[in-house]
Amino acid sequence: MKVQMMMEAVFSEDLHSSLYFVNASLQEVVFASTTGTLVPCPAAGIPPVSLRWYLATGEEIYDVPGIRHVHPNGTLQIFPFPPSSFSTLIHDNTYYCTAENPSGKIRSQDVRIKAVLREPYTVRVEDQKTMRGNVAVFKCIIPSSVEAYVTVVSWEKDTVVLISASKRC
């Protein structure tokens, strides 16, 4: 009889306590430096969970006024910033969140957070030399800071489209 009562207490306790991720698919957040971003920690539980954010190194993050803030609901906010304030530690890093309650502690997948700087850039054609009648291969040069976000849609000469394409350089 004593064993049955203990099992009922454990079973009853388990029904009133849980810890889980609502949506664990978020793996990368890319945002414009002019807009900032909000990244939720998608965990929940009964009783309510305590949410914390960490760098991939395991260091718990702290609020940096006007730059980075963790809201009481566990949402990580990175505020808009000018290119001169870019910091890889904050704006180009891997984070994860944890959720904890009496049921235990769970860790999210790593979330890569990357700011794209909104600043002017120029795409140019690499100089090539060839003899008349031979083939020349041209290559467009895109600054590395925006290369992953720029798609070549056509090649033009004097505003006349030579080749229409949707390939990356």
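Got at least one residue in segment 119-128 being surrounded by 11 or more Cβ atoms within 10 Å (Cβ to Cβ) and under 21 Å from VAL30 (Cα atoms)? Yes: segment 119-128 contains one or more residues that are surrounded by 11 or more Cβ atoms within 10 Å (Cβ to Cβ) and under 21 Å from VAL30 (Cα atoms).
Taking segment 65-136 as the region of interest, the strands (runs of 3 or more DSSP E) fully inside it that hold 1 or more residues being at positive phi and over 18 Å from the mean Cα position of the chain (by Cα) are 104-107.
Restricting attention to segment 51-100, the residues that are crowded, with 18+ Cβ neighbours inside 10 Å, out of contact with any strand residue (DSSP E or B) (no Cβ under 7 Å at 6 or more places or on another chain) and over 18 Å from GLY36 (Cβ atoms) total 0.
When every residue of segment 115-125 is checked against the conditions, at least one turns out to be modelled with pLDDT of 85 or more, closer than 18 Å to LEU38 by Cα, in contact with a strand residue (DSSP E or B) (Cβ under 7 Å, 6 or more places away or on another chain) and not basic (Lys, Arg).
The values are calculated or read from the model by the stated rules, or taken from the named source; none is laboratory data. Bear in mind that the values here come from a model prediction, so they are computed numbers and not experimental data. Positions of Cβ are generated from backbone atoms using ideal geometry, with glycine treated the same way; all protein chains shown enter the neighbour counts.
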